[in-house]
There are 4 protein chains.
Amino acid sequence: MTETASAPYVGDLLKDSPKNWGKWGADDEVGALNYLGPAQVLAAVALVRSGKVFTLQMPMGNPAGDPVWPGRRGSERYMLLDESHWLADKGPSLPGGLHYADDAMSAFLQGSTQYDALGHVWYDGEIWNGYDATSTIGGMAKASVQPIAEKGVVGRGVLLDMARHRGKETLDKGETFTQHDLLACAEAQGVEIRQRDILVIRTGFLNLFHQLGKEAFYDGFSEPGLTYSPELVQWFQDLEVPNLVTDTIANEVTIDPESGVALPLHCALMRNLGIVFTEICNLDKLAADCAEDGQWEFMYTAAPLKVVNGTGAPVNPVVIK
Amino acid sequence: MTETASAPYVGDLLKDSPKNWGKWGADDEVGALNYLGPAQVLAAVALVRSGKVFTLQMPMGNPAGDPVWPGRRGSERYMLLDESHWLADKGPSLPGGLHYADDAMSAFLQGSTQYDALGHVWYDGEIWNGYDATSTIGGMAKASVQPIAEKGVVGRGVLLDMARHRGKETLDKGETFTQHDLLACAEAQGVEIRQRDILVIRTGFLNLFHQLGKEAFYDGFSEPGLTYSPELVQWFQDLEVPNLVTDTIANEVTIDPESGVALPLHCALMRNLGIVFTEICNLDKLAADCAEDGQWEFMYTAAPLKVVNGTGAPVNPVVIK
Amino acid sequence: MTETASAPYVGDLLKDSPKNWGKWGADDEVGALNYLGPAQVLAAVALVRSGKVFTLQMPMGNPAGDPVWPGRRGSERYMLLDESHWLADKGPSLPGGLHYADDAMSAFLQGSTQYDALGHVWYDGEIWNGYDATSTIGGMAKASVQPIAEKGVVGRGVLLDMARHRGKETLDKGETFTQHDLLACAEAQGVEIRQRDILVIRTGFLNLFHQLGKEAFYDGFSEPGLTYSPELVQWFQDLEVPNLVTDTIANEVTIDPESGVALPLHCALMRNLGIVFTEICNLDKLAADCAEDGQWEFMYTAAPLKVVNGTGAPVNPVVIK
Amino acid sequence: MTETASAPYVGDLLKDSPKNWGKWGADDEVGALNYLGPAQVLAAVALVRSGKVFTLQMPMGNPAGDPVWPGRRGSERYMLLDESHWLADKGPSLPGGLHYADDAMSAFLQGSTQYDALGHVWYDGEIWNGYDATSTIGGMAKASVQPIAEKGVVGRGVLLDMARHRGKETLDKGETFTQHDLLACAEAQGVEIRQRDILVIRTGFLNLFHQLGKEAFYDGFSEPGLTYSPELVQWFQDLEVPNLVTDTIANEVTIDPESGVALPLHCALMRNLGIVFTEICNLDKLAADCAEDGQWEFMYTAAPLKVVNGTGAPVNPVVIK
């Protein structure tokens, strides 16, 4: 990620950007997920035709490495008990003599496919819904991932395969697209983007992590993704998007090329509008199937782990067609 | 857990118990989840009426403690970055100046609501499907939780509220029940148990963890649950149960009172029949709703984390009614 | 630890207590360890007579448990590689074919025998030497354990065996003693306490952790130890004590019985005078030897781990007689 | 580390290499440290002249990275409590109101300056003293680092500054030296290598980790160091070396250039002779001082952490001149 000394303060860039603070009450912690009620659930269920099931999480704790934001590390699983303990006469002795295996994991909560808490990113000393940013200290007292996990996410998902749409295996480093591109992609795919849809955007980018190797992947790190504009923000607001799901680490272009600001959409969409972000998905199998059967809409269900006070939590979303 | 010196070897107890090894091929790692195909998914979807959503995970990393099997510990979340770092001029400086929070977690993979890998428990040197038990060494090379997580679980779930059925807040320590009790419970609830149903059994027991406090909860640790009998095993086999879900730590009575063997159903149902276990759920809100609307059947969806080589993985199941 | 609602604010209790801030410069981070220079090292070396060596750390990562302050947990060691990996054909293959073992540890830095950083405890928004308490945020930017570890501690140590002096296996919960008791103990032992001595005080208390079991040990947790008085603080100051070493978790009585304040000596001696604390030692073998040969003075050497920004770090002190 | 397909099996290479198994009893776990008794301690003490103190550990948990063997990772320290918790009204409230800081660490036990357990490396299914290699499973039941930590290490140390001797800032990747070079270095330095000396060898190599950066440092990873020969092994045996201390990660050249075997001296010296290895030291300040005052011999004291069943443990050795 290259710093741009001349980037304006994100609070200045977004000083006229819309906010949904207070819209769902002073105590709200799930934001735009409030758009998903029984009607949206029933509409999603009605999309299921063939009974096919897809899971969207990346493997976690991969010995070959997990793609993560620079400065984080991949998950580490370690074994605590296995058959070798009995081979060495060190296994626990239970009545009846069964053997079992046990393990544990150390993981960054933002280090795999995960839901961000609404309070994960902020500026001007306030997080989502106007909670004071000091509420993040030592753990998210407000707008943590737990309320999202308690609610669960069920709705109509639409896959927008930007890589396929542009005839590429994967979008390039720093390659951008806008809401107009999303609409063009939807049109080309023959699918309609509807009010309160969960937008699932595919870039193919994280496949480069294993294809290029770690060093080349991180060299000049710059993910492809959506770029900020006031119009894009308004489009998300008007569409009442509850949840933005992508197969990149941060759901937007790393540095907005026009302003030079890092991750302005985390601020404009998540902090201000309460749109929930799901990151680091693997959408390859789902996309291949959609390309084959021409059905780009589906029932999307997901619930991250209920990590108390967490800034985010891992998730394995389930898509049903 | 009290040891019973005179307990027979579990391999002797189960020497005539049925096995599904090879039934789904020599390479199978998901066992009875093979019972869940498109037909079961579509049948599950057809159960959705009101669009209500429930999530079944316990909170994770609760500062007040997580209930876990004796010898394990609850999840520990720790903060790596929050607003205080900028208060002290130690926060990272991103172009545009946004702030963000980051955290990590150390967790036993069997230490929250979780799916067991099919290879989690074994005897006679062989795990599910006949894989050698040495394949567990250092990580589950076979029958890990990952294939379960890749497939995802979607089907018709039926809640059997044994606590409510017996007129109790919670079943007692070591209290048992059988398939006959499950059938009587279903009948009393007015719900039919069907072929290939995901059985979701409520005991209320883990509420005692916070009500009694840790010490009293673990004193003479003995969970309530199903007890072993050849007839019960055959009943599960005939019913083609893909997944057994409960709100206890181990899904069965801790020590089978008749034989004195610890956890024989892990051996008879999981290792031998390939039935997948989901443990440590919180079923209270779902049960209250079912009692109110009289609908004890629902669409059940779940996908544990795709932990490579894991003995199990946390999950937050989603139920839709 | 019982809270005493009526306890005065520690800053009021100590408002006239002496401070050594600035005494060793505005940048000092090792405080009273400055009392230990070449002269003290040479004097310590001159005490060695028989060539006997003692190590003072408690075992760490004991499967039977490590005694720690309530709310912390003991160290967890876990195996990453051992002979079983080659038994299962999973071991790394090095040229020549050697095998090796590897492991890792997760530990509270204050969770074993350890040196406290001088900035570990504070009040009134200032830590040792007047550094701002916000310098502790995210890691000790000032007065961390690292400068102590870089310097190392070598000097004349004197063991004061308060348990033996009072004819007990171990002091009782909450049992107190003062500088007068230390002097009486030294006199009874026939050893002189000299200027700039490292004071090593034995209570025997932590033996109760394994003798009584965890629950009884922590029930009404209250360690024995020194109690606060202005005279005691002045005594330490006049004596120029560089380092206070004990076999309790916190080096002083848990709650000062007179004022009701928790750990006032951490404030008066460590924060204000810069005296370095070494906690959770095992002094049993050393004490038995001193009782036998009548030599209660010795060369003391110790250097905690050089943990960057640490609040403390484990240590295994070495005593030579 | 480049694999050499044609490397002989290390057990064949060393089939006639001497062993000290049984020399200190069938239960011995400290090997050549038995050479260090009261006489050696007193001789070491007699070397102290000026009272200068040096500590030899590398910083640990350095945000800029810790140099470790490929495949391991550096130590991670994380904050659990600091002043920010009180700024946000989340700090614990102790009687009297003191504030304090707390942190924890996750570390590979071989990932900083450390003592290897004698059982850390083996071949032919047997570790030091003939213990079965299956004793390593899940934790070192035999020849762990704990007995070394209980004993402590005190003796005459001699610094052999191979980098300075060869007129270099640091030895090169893969650069080798032998016992003859050590003797020549000692002679040039004007110091005598005596029976039972602790040999402390400086290469300067790990300075390249921060100078070159991680990627360049690990590219074609090959440390400089001693090379295997039967004569070198016999020289260590005849000299009764208790402890080999260096400033490289593995104390010897990574791949022996003649045989192509990785780390043969771990096998010949540690596994077979019981010589204890101390790795990853920082010897720069000590070496600069020795070069200045011409005194290359000193009192060396060290005691790694008493990690129960550990394959090794961190240490901060103290040298006194």
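The values are calculated or read from the model by the stated rules, or taken from the named source; none is laboratory data. Small disclaimer: the values here were computed from a predicted structure and weren't measured. Neighbour counts are summed over all protein chains in view; Cβ atoms, including those assigned to glycine, are modelled from backbone coordinates with ideal geometry.
Data overview
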| item | result |
| --- | --- |
| Of the criteria (1) free of Cβ contacts under 8 Å to residues at least 24 places away in the same chain; (2) surrounded by fewer than 19 Cβ atoms within 10 Å (Cβ to Cβ); (3) out of contact with any Lys or Arg (no Cβ under 7 Å at 6 or more places or on another chain), which one D:P8 fails | (1) |
| Residue list for the range C:48-76, restricted to those being surrounded by 18 or more Cβ atoms within 10 Å (Cβ to Cβ) and either over 26 Å from D:Q146 (Cα atoms) or among the aliphatic types (A, V, I, L, M) (or both) | C:V48, C:V53, C:L56, C:M58, C:M60, C:V68 |
| Filter result for A:V200 (in contact with a strand residue (DSSP E or B) (Cβ under 6 Å, 6 or more places away or on another chain) and either charged (D, E, K, R) or within 14 Å of another protein chain (Cβ to nearest Cβ) (or both)) | no |
| Flag if D:N251 is under 13 Å from the mean Cα position of the chain (by Cα) and either free of Cβ contacts under 8 Å to residues at least 24 places away in the same chain or in a loop (DSSP other than H, G, I, E, B) (or both) | yes |
| For C:A101: the one exception among (1) touching a Ser or Thr at 6+ places or on another chain (Cβ under 7 Å); (2) in contact (Cβ under 8 Å) with a residue 40 or more places away in the chain | (2) |
| Of all residues making up the range C:224-236, the number that are surrounded by 13 or more Cβ atoms within 10 Å (Cβ to Cβ) and either out of contact with any strand residue (DSSP E or B) (no Cβ under 9 Å at 6 or more places or on another chain) or within 20 Å of C:D293 (Cα to Cα) (or both) | 6 |
| Residue within the range A:57-65 that is of a type in the set (A, V, I, L, M, F, W, C), at pLDDT 95 or above and out of contact with any Asp or Glu (no Cβ under 8 Å at 6 or more places or on another chain) present | no |
| Selected residue (only one of C:G119, C:G96, C:G155 is within 30 Å of D:Y123 (Cβ to Cβ) and in contact with a Phe, Trp or Tyr (Cβ under 9 Å, 6 or more places away or on another chain)) | C:G96 |
| Any hit, the range D:33-51, residues being closer than 21 Å to C:D102 by Cβ, at pLDDT 95 or above and in contact with a Gly (Cβ under 6 Å, 6 or more places away or on another chain) | no |
| Strands (runs of 3 or more DSSP E) contained in the range A:19-117 and holding at least 1 residues more than 9 Å from chain B (Cβ to nearest Cβ) | A:76-81, A:114-116 |
| Extreme residue, surrounded by the most Cβ atoms within 10 Å (Cβ to Cβ), among residues of the range B:267-287 that are touching a helix residue (DSSP H, G or I) at 6+ places or on another chain (Cβ under 7 Å) and in a strand (DSSP E or B) | B:V276 |
| Residue within the range A:288-305 that is in contact with a Phe, Trp or Tyr (Cβ under 6 Å, 6 or more places away or on another chain) and among the charged types (D, E, K, R) present | no |
| Residues (out of contact with any Phe, Trp or Tyr (no Cβ under 8 Å at 6 or more places or on another chain) and over 17 Å from A:S84 (Cβ atoms)) located in the range B:122-152 | B:Q146, B:P147, B:E150, B:K151 |
| The range C:254-266, subset within 10 Å of chain D (Cβ to nearest Cβ) and part of a helix (DSSP H, G or I), residue surrounded by the most Cβ atoms within 10 Å (Cβ to Cβ) | C:P264 |
| C:N316 being assigned to a loop (DSSP other than H, G, I, E, B), buried (at least 20 other Cβ atoms within 10 Å of the Cβ), within 12 Å of another protein chain (Cβ to nearest Cβ) and not hydrophobic (A, V, I, L, M, F, W, C) | yes |
| Qualifying residue in the range B:141-155 (condition: surrounded by 24 or more Cβ atoms within 10 Å (Cβ to Cβ), over 18 Å from the mean Cα position of the chain (by Cα), at pLDDT 95 or above and among the hydroxyl-bearing types (S, T, Y)) | no |
| Every pair of residues 6+ apart whose Cβ atoms lie under 6 Å, when the first sits in the range B:166-184 and is buried (at least 17 other Cβ atoms within 10 Å of the Cβ) while the second is part of a strand (DSSP E or B) | B:L182/B:L160 |
| In the range A:164-223, the residues that are among the small types (G, A, S) and over 25 Å from D:D219 (Cβ atoms) | A:G167, A:G174, A:A184, A:A186, A:A188, A:G190, A:G204 |
| Unmet criterion (only one of (1) touching a residue at least 12 places away in the same chain (Cβ under 8 Å); (2) surrounded by 24 or more Cβ atoms within 10 Å (Cβ to Cβ)) for C:G96 | (1) |
| Residue check for D:L239: touching a Lys or Arg at 6+ places or on another chain (Cβ under 9 Å), among the aliphatic types (A, V, I, L, M), touching a residue at least 24 places away in the same chain (Cβ under 8 Å) and surrounded by fewer than 24 Cβ atoms within 10 Å (Cβ to Cβ) | yes |
| Some residue of the range C:177-197 being in contact with an Asp or Glu (Cβ under 6 Å, 6 or more places away or on another chain), over 20 Å from C:N251 (Cβ atoms), of a type outside the set (D, E, K, R) and away from chain B (no Cβ under 14 Å) | yes |
| Candidate set: the range D:288-304, residues that are in contact with a helix residue (DSSP H, G or I) (Cβ under 6 Å, 6 or more places away or on another chain) and in a loop (DSSP other than H, G, I, E, B); chosen: the one surrounded by the fewest Cβ atoms within 10 Å (Cβ to Cβ) | D:W296 |
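Quick grid of which residues meet (1) at pLDDT below 95; (2) among the hydroxyl-bearing types (S, T, Y); (3) more than 29 Å from C:M58 (Cβ to Cβ):
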| residue | (1), (2), (3) |
| --- | --- |
| D:T248 | no, yes, yes |
| D:L263 | no, no, yes |
| D:E279 | no, no, no |
| D:L305 | no, no, no |
